[in-house]
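Note sheet for the following structure.
The values are calculated or read from the model by the stated rules, or taken from the named source; none is laboratory data. These numbers were taken from a predicted model, which means no experiment stands behind them. Glycine also receives a Cβ, built like all others from the backbone with ideal geometry; neighbour counts cover every protein chain displayed. The accessibility values were calculated without ligands, DNA or RNA, using every heavy atom of the protein model including side chains. Shrake-Rupley method; radii C 1.70, N 1.55, O 1.52, S 1.80 Å.
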Amino acid sequence: MWREIVGLERALIAIAIALAIFFCRVLDCAAQHQLPHQIISIIEDMASSGGEEAALELQLRYEEMLAFPLEINMLTRRQMEECGLLSPFQIESILDYRKEYGDILSLSELSLVDGFAPEAIELVRHFFRFSSLQAIASPYVEEGFSHRFSAKVRKKLKSEGVSFTSKYKIEYGRRISAGLTLDSDAGEKLTPYHHPDFVSMHMAWSPREVPLDKKKIKFRKVVLGDYVARFGQGLALWKAFPVSFFGTPSSLSKRGSAITPYTSTDESNFLRGAGATFGSREMECSLFASYNGVDARIVGDSCYTSIITDGLHITDVERATRNSMHEYLFGGHFSYDFSRLQLGVTALCYGYDKCNARRIREYNRYQMYDGIWGNLALDIYSSWRSFRFFAEVAIDLRPAAALLCGLSWNPDYSLEMALMLRAYGKGYTATHAAAYSTLSGCYNQYGTTASIKYIPSRGWTMHLSAEYSAYPWSRYRIDGPSWDSRARIDILKESQNGSQLQMRLDWRHKSESGSTLKGRLHARATLSQCWTLSARIEGGLKGFATYGELGFRTIDRRWDICARGTYYNTEDWKSRVYIYERGVPQSFSVENYYGKGWSWYFLMKWSPAKFADLWFKYSKNYCAFFILITIPG
């Protein structure tokens, strides 16, 4: 059976290479870059907070943005907020600059915009393009087909089986796209239909990028197949990764991006069916429907006892749960933009084709539902000068309610503050919600989060965050009410040559387990134009992890090599340390270290041509190979 998988993989690679050779006359693709350290820090924070799937989704999103940068002169205020790279002050500065001076045509011109110091330029330089609006909207712009193919093979050294992922995407301009994702975990066999364990496909269409009319309603996007939908602050519907995390002020507020194709490999966090978005400059409406398989343990022919989301189907028992029941879902979102005030309404209805036979426990008795369920939410987003207000209130069919609201203030580039309050009822049930939460769902908690970002002088950045959460009802393995509080201070020093020094202190107190204190000291030095050296020590009273890494990159960026050695010594799993590792694309690269021992890895990236990148990683635990071929139109 594995020979069939390998044969399929080789066939896909051969087809992609043939396409690359055929179209090599028109290739002119930018070199790939690694993620900025600010993005890496966010990914680490999300993983350490228990959101490993969200951290992977965020990593894949920014890798995609590196490959396909955004047109900065086409972005609206909302789209700039959605990308998660810009502060409110920077967004307003870009809008004011474009209104007064026109399009921003280069990175050097962006440095003239208020709020873009060298550190900010370094963060966004690889994520934006600077084409003029006239050139983008010109009817004489020639469009063509572009192709993107990637294949990843990964094998753990002390186990049998190989995991692989293949992705292919074809686009015609920026209006029509189609994609195919094939994924199989180590040990999984081909399905009875002779294809890999997970197959995802999509087709999407959107009109030519031109400024929208105030009154005329037009289609903005139509997606068939697998897609994700994100609306409001996520109290009713937010498929795919949540952007929020415990950190910077900007991260507390979410900006949904309606309906977009799904290209990840998470086998449970997407919708399957059709969705469409249409509207004018002021109004937007999205309608969607989904009928998707769900992994579950089935009793008899009509009841389920648990839902499984890990996506593993290695043993016979696990294969028996694969798509053993289905969920049907339909809904819509309507929003209206009053320039400085946006109002939105989200409504959805969903249910399973099997009855609920889960055991009722004290901690989950208010999270049970059977048959048809649904949520209704109202979201508000308002901006006035340097202030931003965001809120969402939602109810379910019980009815139980949930509320989230916040206020941010960003008077200039050097100061940003935010405060967020949340109150989620113990009975509020929203299967597809992903609003800011310290639990696995949006229920049974009251809390407040405050965050301050201050830049005292060029190169220095300070973050201060604090949070308190109360849980009035029982939780898993915790009987009765409980509470949790934490605080963090982060100090970052950056120099223009890329060197940096980060110091962090993290304190947390749980009512059931007491206090913990952790710290981080991270240093990165640019030794020359090609060589870099970085080191970190992180941990607390119950253990730590430390590493040193040496990196080399040629001036033409054809070769990129790094090696790292890590030593860790912690008491147990609870005192584990999360550390980001550079890895092959489309792989989760945040490792958790616990116990005592050594770890290491060697990573090499080679770009033999402008259209092809090859990665190879060999570590203590596994080896991985990745190929990316891009054929622009």
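Odds and ends about this structure:
- For the range 248-347: rounded, prolate or oblate by the Cα gyration tensor [a/c cutoff 1.5]: prolate
- Look at the alpha carbon pairs under 8 Å that are at least 6 residues apart: their mean separation over the length of the chain gives a relative contact order of 12 percent.
- Accessible area expressed per residue, the chain, with surrounding protein chains retained (probe 1.4 Å, Å²): 47
- Percent carbon-and-sulfur accessible area, the range 304-420, ignoring ligands, DNA and RNA, probe 1.4 Å: 64
- Cβ-placed point charges (K, R +1; D, E -1), dipole of the range 438-544 about Cα centre in debye, nearest 20: 240
- Average projection area in nm² (convex hull over Cα atoms of the range 302-364, one quarter of hull surface): 7.5
- For K167, the aspartates and glutamates whose Cα falls under 13 Å of its own Cα, not counting residues fewer than eight places away in the same chain, are E9, E64, D183.
- Global geometry of the range 329-475, whether rounded, prolate or oblate, following the gyration tensor of its Cα atoms and the 1.5 cut on a/c: oblate
- Relative contact order of the range 395-525, pairs being alpha-carbon contacts under 8 Å that are 6 or more residues apart, as %: 15
- Placing a label point 7 Å from the Cα of S495 along the Cα-to-Cβ line, the residues of the range 99-133 whose backbone N sits under 17 Å from it are 118-119.
- Estimated from the Cβ-Cβ distance and a Förster radius of 30 angstrom, the FRET efficiency linking R358 and C623 is about 0.15.
- With each label modelled as a point 7 angstrom along the Cα→C-beta vector, the C349-S106 pair spans 5.8 nm.
- Gained length - Y291 relative to F389, 0.36 nm times residue gap less alpha-carbon distance: 31.7 nm
- Förster radius 60 Å - calculated FRET efficiency between F552 and K510 (Cβ-Cβ, nearest 0.05): 0.90
- Shape class of the chain from the Cα gyration tensor (axes a ≥ b ≥ c, square roots of the eigenvalues): rounded, since a/c falls below 1.5.
- Karplus-based coupling profile of the range 254-271, in residue order and whole Hz: 10, 9, x, 10, 6, 9, 9, x, 9, 10, 8, 10, 5, 8, 9, 10, 7, 10, with θ = phi - 60° in 6.51 cos²θ - 1.76 cosθ + 1.60 and x standing for Gly or Pro.
- Antiparallel %, DSSP beta bridges [both residues in the range 286-408], to 5: 95
- Surface accessible to a 1.4 Å probe, T263 within the full protein complex, Å²: 60
- With the simple model of a label 7 Å out from the Cα in the direction of the Cβ, Y369 to A423 spans 2.1 nm.
- Extension gain from K610 to E282, taking 0.36 nm per residue of separation minus the Cα-Cα distance: 114.0 nm
- For D316 and S268, the difference between the fully extended length at 0.36 nm per residue and the C-alpha to C-alpha distance is 15.3 nm.
- Charging the Cβ of each Asp and Glu at -1 and of each Lys and Arg at +1, and nothing else, the dipole of the chain about its Cα centre rounds to 400 debye.
- Helix runs (DSSP H) in the chain reaching 18 Å along axis by Cα, Kyte-Doolittle at least 0.0: 2-22
- Peptides 161-174, 100-113 ranked from most to least packed give 161-174, 100-113, packing being the mean of other C-beta atoms within 10 angstrom over each peptide's residues.
- Each of the peptides 198-205, 253-260 was scored by the mean count of other Cβ atoms within 10 Å over its residues; in descending order, highest first, they stand as 253-260, 198-205.
- When each of K254/K617; K99/K254; K426/K510; K189/K596 is checked by Cα-Cα distance, pairs over 23 Å: K254/K617; K99/K254; K189/K596
- Integer Hz, Karplus 6.51/-1.76/1.60 couplings in order for the range 294-304, x for Gly and Pro: 10, 6, 7, 8, 9, 10, x, 10, 9, 10, 10
- Using a simple spin-label model with pseudo-atoms 7 Å out from Cα toward Cβ, F130 and A186 lie 4.6 nm apart.
- Residue-wise HN-Hα couplings along the range 331-348, as the Karplus relation 6.51 cos²θ - 1.76 cosθ + 1.60 with θ = phi - 60° gives them from phi, are x, x, 9, 10, 9, 9, 10, 9, 6, 9, 9, 10, 10, x, 10, 10, 9, 8 Hz; Gly and Pro carry x.
- Rounded accessible area of I42 (nearest 10 Å², 1.4 Å probe): 40
- Sorting 320-329, 575-584, 524-533 by average packing, meaning the other beta carbons within 10 Å per residue, from highest down gives 575-584, 320-329, 524-533.
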